[in-house]
Amino acid sequence: MKSFHLEGGIPLRGQVRISGSKNTTLPMIAASLLTDEPVILKNVPNLEDVRTMVDILKHLGVSVSFRDGMMAISPKNGLGNHLPYESVRKMRASFNVLGPLVMRHGKAHVPLPGGCAIGPRPVDMHLEGMRALGIETTIDYGVVCAERVSKPDSMTFHLRIPSVGTTEQLLSIAVLMEGSEIVLNNVALEPEVQELALFLNRMGARIEGIGTSALRIKGVKRLHGTEYEIIPDRIETGTYLLAALVSQGDVELVGYHPTHNVSLVRKLREMGADVRESENRIRARYLRRLNGTDFHAEVYPGLPTDLQPQFTVLAAVSEGVSVITDTVFSDRFLHVDELKRLGANCSVRNHAIIVHGVDQLKGAPVKAKDLRGAAALVLAGINAKDRTVVQNIDYIFRGYEEIIPKLRGIGAQCEMVEEELAS
Ligand code: UD1
């Protein structure tokens, strides 16, 4: 078990290069199973979750090479259609391989997924959508057994919630339903979903309506290999912007996508931060104490739930009262009690975090419980007076590439320490 040791209270200054997007990479790796030709992905972040997905592909007999941000996926050894629980336990996105495997084999077995404990994360909509697309599913001892039993001609499936994973799963199925015309309504609009649709079209799929809430898919017989460059990670971007501000510093991010963080940038400016964008860069500068504000995490283009814990830290050291709610994961509050240990004045009431700003947090030992919560505790430690030790920090390697060198590069005093956790 690793711990993150930080000496806080130092304004961060300098430049950080943003890595490729984790949540774009994972579904693309899964979707590469839809072809038997090689797929090349560029700007792939070297993250724990990406390595987990590579292990899953290897388990299925696919050959994968991954070096210096370049991933070559080549199913030349044939493709399996069973996965053991061990390989999907760690990460919910692993469930995305189910659709491609069913479309290649007619039948597949994938255990129900694991992932961060940020609230209930069922897969009922995935299964509902599959049924509508002619795929029967049964759950046997925690394993989803899916079998293609019929082919819809033309049909519309309406997603109850614009779920990212469900949209990606159903898209990856519909593209290979040759001769069918399928409309997916109320789909997720997140950039990562749009990128998957563009990637599939590059492989020969026929998806129309990308960027709107209705996708029209004309199924094709086969997809071919392609090359694709992964977009910058908007959650990593947001995390470093928030790190700059909680440290009262001045940080420029390189490799910035101008349209993916619009709601966050607007929110930070509303609080009084100096945020400037130019082409592929963004700079956040702390000029004076920020005003607290309400933060309502919702689906894209709203403020992302994956930045809600990190934003709570900024609110905790801003002036006045902030109210934070999350409509995507309504109980994503695991970070709150740990932030209190660092001197934050915050509490959960009626599915909202009520934050009363304090001048500065105080270092303490705390424990990470999920990926973005871990990032929030690191940000809190960056602000806090004296030493903070974030135990159980391993979660952070799921989503932040090279976090220690990147933070040290802008002046943070931090190190990773291997230690035994007292139970
Ligand atoms: C993805 C992201 C995750 C992000 C989330 C919301 C990846 C790998 N992960 O997760 O980082 O926090 O989007 O932006 O891209 N739901 C159901 N039934 C289902 C599926 C989802 O009820 O079958 C609910 C979930 O419980 C949740 C909401 O729908 O409340 C949205 O979840 P979803 O968009 O599916 O998130 P993920 O794809 O799991």
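The values are calculated or read from the model by the stated rules, or taken from the named source; none is laboratory data. Here the structure is a predicted model, which is why all the values come from computation and not from measurement. In this analysis, Cβ positions are derived from the backbone assuming ideal geometry, glycine residues included, and neighbour counts consider all displayed protein chains. Note: areas computed on protein heavy atoms with side chains; ligands, DNA, RNA excluded. Shrake-Rupley method; radii C 1.70, N 1.55, O 1.52, S 1.80 Å.
Quick look at the numbers
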| read-out | value |
| --- | --- |
| Output for the stretch 32-52, where each listed residue is out of contact with any strand residue (DSSP E or B) (no Cβ under 7 Å at 6 or more places or on another chain) and more than 13 Å from the ligand (Cβ to nearest atom) | 33, 34, 35, 36, 37, 46, 51 |
| Residue 7 modelled with pLDDT under 95 and within 27 Å of residue 254 (Cα to Cα) | no |
| Of residues in the stretch 176-207 being open to solvent by 40 Å² or more (accessible area, probe 1.4 Å), of a type in the set (D, E, K, R) and under 20 Å from residue 225 (Cα atoms), the one farthest from the ligand (Cβ to nearest atom) | 178 |
| Positions within the stretch 286-316 being among the hydrophobic types (A, V, I, L, M, F, W, C) and either open to solvent by less than 20 Å² (accessible area, probe 1.4 Å) or without any contact (Cβ under 8 Å) to a residue 60 or more places away in the chain (or both), in sequence order | 287, 290, 295, 297, 303, 307, 311, 313, 314, 315, 316 |
| Positions within the stretch 67-87 being in contact with a Leu (Cβ under 8 Å, 6 or more places away or on another chain) and either at pLDDT below 95 or within 16 Å of the ligand (Cβ to nearest atom) (or both), in sequence order | 75, 79, 80, 81, 83 |
| Residue match in the stretch 323-342 (condition: in a loop (DSSP other than H, G, I, E, B), out of contact with any helix residue (DSSP H, G or I) (no Cβ under 9 Å at 6 or more places or on another chain) and at pLDDT below 95) | yes |
| Single residue of 337, 394, 370 found to be touching a residue at least 40 places away in the same chain (Cβ under 8 Å) and open to solvent by 30 Å² or more (accessible area, probe 1.4 Å) | 394 |
| Neighbours by Cβ (under 6 Å, 6+ apart or cross-chain): first from the stretch 60-81, free of Cβ contacts under 8 Å to residues at least 40 places away in the same chain; second surrounded by 15 or more Cβ atoms within 10 Å (Cβ to Cβ) and in a strand (DSSP E or B) | 63/74; 64/73; 65/72; 72/40; 81/108 |
| Residue in the stretch 126-138 that is nearest to the chain's Cα centre (by Cα), counting only those that are more than 10 Å from the ligand (Cβ to nearest atom) and under 18 Å from residue 34 (Cα atoms) | 130 |
| Meets criteria (away from the ligand (no atom under 15 Å from the Cβ) and closer than 19 Å to residue 238 by Cα) for residue 379 | yes |
| Residues that are away from the ligand (no atom under 16 Å from the Cβ) and assigned to a strand (DSSP E or B), drawn from the stretch 139-175 | 140, 143, 145, 147, 148, 154, 155, 156 |
